[in-house]
Structure formats: structure tokens, C-alpha cells
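The structure's right below; bear with me while I get my questions together.
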Amino acid sequence: MQIASTISQARALFDVLPRPLGFVPTMGALHEGHLALVRRARADSVAVAASVFVNPLQFAPSEDYTRYPRDAQGDQAKLAQAGVDVLFAPSPASMYPPDFSTSIDTGPIGDVFEGAIRPGHFRGVATVVSKLVNIVRPDALYLGQKDAQQTAVLRRMVRDLEIPINVVIVQTEREADGLAMSSRNAYLSPEQREAAPSLHHALQAVRLAMAGGRSKADAIAAARARLHPLAQLDYIDVVDANTFNPIETLSPPAFVIGAARFGTTRLLDNLWIE
Ligand code: PAF
């Protein structure tokens with residue numbers, strides 16, 4: 001695996017990679033969920049690129065940018081082992097020089113749910129992903145379904161701005177007890193880790209109750225009762241998968257989405273309704 005740490009090194013390497021080229025953008029602290037994206041890109045493509053970049057633009061000043069888990073050496077070993085050809089691992093200064101000032105407004109889809117709780121988050125995600133895609137110039141972009149709203153925002157951006165890539169969404173990898181894999185799981189205390197799968201169970205309860213004919217309001221009330229007392233719920237809802245507008249029935253394509261805090265750690269999860 002070759003490693004580029006500057007944009008000019010990256011361009012020189014990406015320019016000569018054979019096609020089709022699959023690209024997996026990450027913020028590092030890699031787990032099986034990321035490696036499933038790499039494996040899918042590997043199966044679909046002749047060459048595979050990945051990035052590791054903890055993007056300061058998508059963190060509010062009060063959030064965990066500085067303490068976000070970082071493991072550069074471990075990440076490199078995992079990506080090389082998974083068959084990545086080129087890793088792009090830039091510094092924040094090279095991605096965002098002092099006079100960097102352009103950003104992407106993701107519109108209403110980026111203002112609800114995660115966007116309402118984390119104002120500016122999707123602006124930061126869309127801006128970095130468009131910059132990364134312009135540097136890597138892949139044929140396909142691989143994203144994890146765990147961040148369902150992020151996938152909807154980025155699919156919309158690619159469509160609206162005519163970015164010539166396929167967006168491939170790969171299903172969520174879970175621990176044996178149902179907890180969605182996430183780099184932030186590393187923050188959980190043993191008690192919080194035990195409580196965390198209750199978010200997934202609550203989403204399953206919503207899906208089951210609505211499939212059995214109960215109203216969304218009833219189903220969500222029942223699901224709240226399934227949450228572990230350590231979980232502080234931010235939201236549970238059922239939304240149209242393309243717009244993220246709340247809907248009252250399980251009409252596909254839709255997501256049952258949820259977010260909860262376990263201590264200071266916020267976890268997201270969703271179920272895809274197809
Ligand atoms: O999902 C992530 O890890 C990040 O939001 C992404 C897509 C790599 C952009 O920084």
C-alpha cells in the first residue's frame with residue numbers, strides 16, 4: 001500500500017491507478033464496519049483508495065474533535081491487509097489552508113435530526129467529501145449505512161452537483177449483541193457498553209409494532225420503554241430514506257432512525273425498510 005500525505009502526492013498516485021477505482025473515506029480508528037466497505041470496494045473495483053482524515057469542519061467547538069480516537073499505525077496495517085492500494089492521510093493544514101473559505105450548504109435534508117443537534121455538521125461532511133472526491137477522482141464512493149442521514153446528504157450532493165461517481169451504501173456491521181459498530185463505541189464504559197444495544201432493540205421494536213399495525217406514536221412510546229435507563233434518547237423516528245422527512249407508515253424506502261447518549265457518548269443507529 002502506498003501512502004500519500006499531501007494533495008500533490010495523492011494526485012500523482014491516483015492519476016496512474018487502474019480503473020475502476022473505488023474510494024472509502026474514513027476518519028480512522030478503523031473497525032470491521034470500515035473494513036466491510038473496503039472489502040466491497042475491493043470486490044467491485046480494480047483499484048481501491050481509502051482516506052484517513054479526522055475532519056475538523058464536521059465537529060462543533062464543543063464536540064470531541066481533539067479526543068476523537070486516532071490510531072494511525074493500526075489503521076495503516078488494517079487497510080494494507082484489506083487490500084487498499086493507496087491511502088491518503090493528509091494533515092488538517094494541507095486540507096484547510098488559513099484562507100480556505102468555501103463550504104457546501106446541504107439544504108433542508110442536512111438541517112433535521114443530526115443536523116439540528118449538530119448544526120454545521122453536514123456542511124463539514126459534504127465539504128470534505130467533495131474535496132476528497134476531487135482529489136481522488138474515484139469511480140465509486142463507499143459509505144456505511146450506519147450513518148444513514150450522511151448517506152442521504154451525500155447521495156443528494158452527488159446528484160445535485162452532477163459529481164460523476166456511483167455512491168454505494170454498505171449495510172451496517174454489528175457486534176454479536178446487535179450494537180452497530182462505531183469508532184465511538186471505544187468511549188463506552190463497561191456499563192454503558194452493556195446498555196448500548198438497547199438502542200438497536202428499540203428501533204427493532206418500532207419496526208415490529210408498526211408492521212403489526214400500531215401507529216407510529218404508539219410504536220415509539222413502546223420502544224422508549226425498551227431503552228436501558230442509562231440511555232438518554234435524542235430521537236427515534238421513521239423517515240423517508242431520500243428526504244429524511246418524517247413519515248407515519250413504514251413505506252419503503254424508509255429508515256427507522258434513532259440516536260441516544262450513553263454518558264457523553266452519542267450513538268446512532270437505523271433500520272433500513274425496503
Ligand atoms: O463517516 C465518516 O467517517 C465521515 O463523516 C466521513 C464520510 C469520512 C467524512 O469525514
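The values are calculated or read from the model by the stated rules, or taken from the named source; none is laboratory data. Please read all numbers here as calculations on a predicted model, not as lab measurements. Cβ atoms come from the backbone with ideal geometry, glycine included; neighbour counts cover every protein chain shown.
What number of residues within the range 224-246 satisfy the criterion of being surrounded by 17 or more Cβ atoms within 10 Å (Cβ to Cβ), among the small types (Gly, Ala, Ser) and more than 16 Å from residue 113 (Cβ to Cβ)?
Total satisfying the criteria: 1.
Restricting attention to the range 179-208, which residues are in a loop (DSSP other than H, G, I, E, B) and either over 18 Å from residue 31 (Cα atoms) or among the hydroxyl-bearing types (Ser, Thr, Tyr) (or both)?
Listed by number, the residues that qualify are 182, 189.
Just to be sure before I move on: is residue 72 in contact (Cβ under 8 Å) with a residue 40 or more places away in the chain, loosely packed, with under 15 Cβ neighbours inside 10 Å, within 14 Å of residue 3 (Cα to Cα) and not hydroxyl-bearing (Ser, Thr, Tyr) in the structure I sent?
So residue 72 passes the test.
Of the conditions (1) touching a strand residue (DSSP E or B) at 6+ places or on another chain (Cβ under 7 Å); (2) within 16 Å of the ligand (Cβ to nearest atom); (3) at negative phi, residue 44 fails just one. Which one is it?
Failing condition for residue 44: (2).
Something else now. Kindly list the number of the only condition in (1) on the phi > 0 side of the Ramachandran plot; (2) in contact with a His (Cβ under 9 Å, 6 or more places away or on another chain) that fails for residue 29.
Residue 29 satisfies every listed condition except (2).
For the range 75-88, what are the residues that are crowded, with 20+ Cβ neighbours inside 10 Å and not in a loop (DSSP other than H, G, I, E, B)?
The answer is 75, 79, 82, 86, 87, 88.
Would you check if residue 241 is within 25 Å of residue 153 (Cβ to Cβ) and among the small types (Gly, Ala, Ser)?
Judged against the criteria, residue 241 is a match.
From 30, 35, grab the single residue that is within 16 Å of the chain's Cα centre (by Cα), assigned to a helix (DSSP H, G or I), under 29 Å from residue 264 (Cβ atoms) and within 14 Å of the ligand (Cβ to nearest atom).
Exactly one residue qualifies, and that residue is 35.
Report yes if some residue within the range 156-167 is of a type in the set (A, V, I, L, M) and touching a Ser or Thr at 6+ places or on another chain (Cβ under 6 Å); otherwise report no.
For the range 156-167, residues of a type in the set (A, V, I, L, M) and touching a Ser or Thr at 6+ places or on another chain (Cβ under 6 Å): absent.
Take the conditions surrounded by fewer than 20 Cβ atoms within 10 Å (Cβ to Cβ) and either more than 21 Å from residue 116 (Cα to Cα) or at pLDDT 95 or above (or both) and apply them to residue 205. Does it pass?
No, not satisfied.
Identify the residue in the range 50-66 that is of a type in the set (Gly, Ala, Ser) and in a loop (DSSP other than H, G, I, E, B) and, among all such residues, is nearest to the ligand (Cβ to nearest atom).
Looking at the filtered set, the residue picked out is 60.
Considering the range 247-272 alone, what residues qualify as being more than 20 Å from the chain's Cα centre (by Cα), within 17 Å of residue 206 (Cα to Cα) and either surrounded by fewer than 15 Cβ atoms within 10 Å (Cβ to Cβ) or touching a residue at least 40 places away in the same chain (Cβ under 8 Å) (or both)?
Passing the criteria: 248, 249, 250, 251, 252.
Among the residues in the range 42-49, are any in a helix (DSSP H, G or I) and over 18 Å from residue 24 (Cβ atoms)?
No, the conditions are met nowhere in the range 42-49.
May I pose another question? Could you please tell me which pairs satisfy a Cβ distance under 8 Å, a separation of 6+ or placement on different chains, a first residue in the range 114-136 that is basic (Lys, Arg), and a second residue that is more than 9 Å from the ligand (Cβ to nearest atom)?
If the second residue must be more than 9 Å from the ligand (Cβ to nearest atom), the pairs left are 118/60; 118/63; 123/103; 123/104; 123/105; 123/106; 123/110; 131/95.
Residue-by-condition table, conditions (1) out of contact with any Leu (no Cβ under 7 Å at 6 or more places or on another chain); (2) farther than 26 Å from residue 104 by Cα; (3) touching a residue at least 12 places away in the same chain (Cβ under 8 Å):
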site	(1), (2), (3)
7	yes, no, yes
10	yes, no, yes
23	no, no, yes
35	yes, yes, yes
49	no, no, yes
63	yes, no, yes
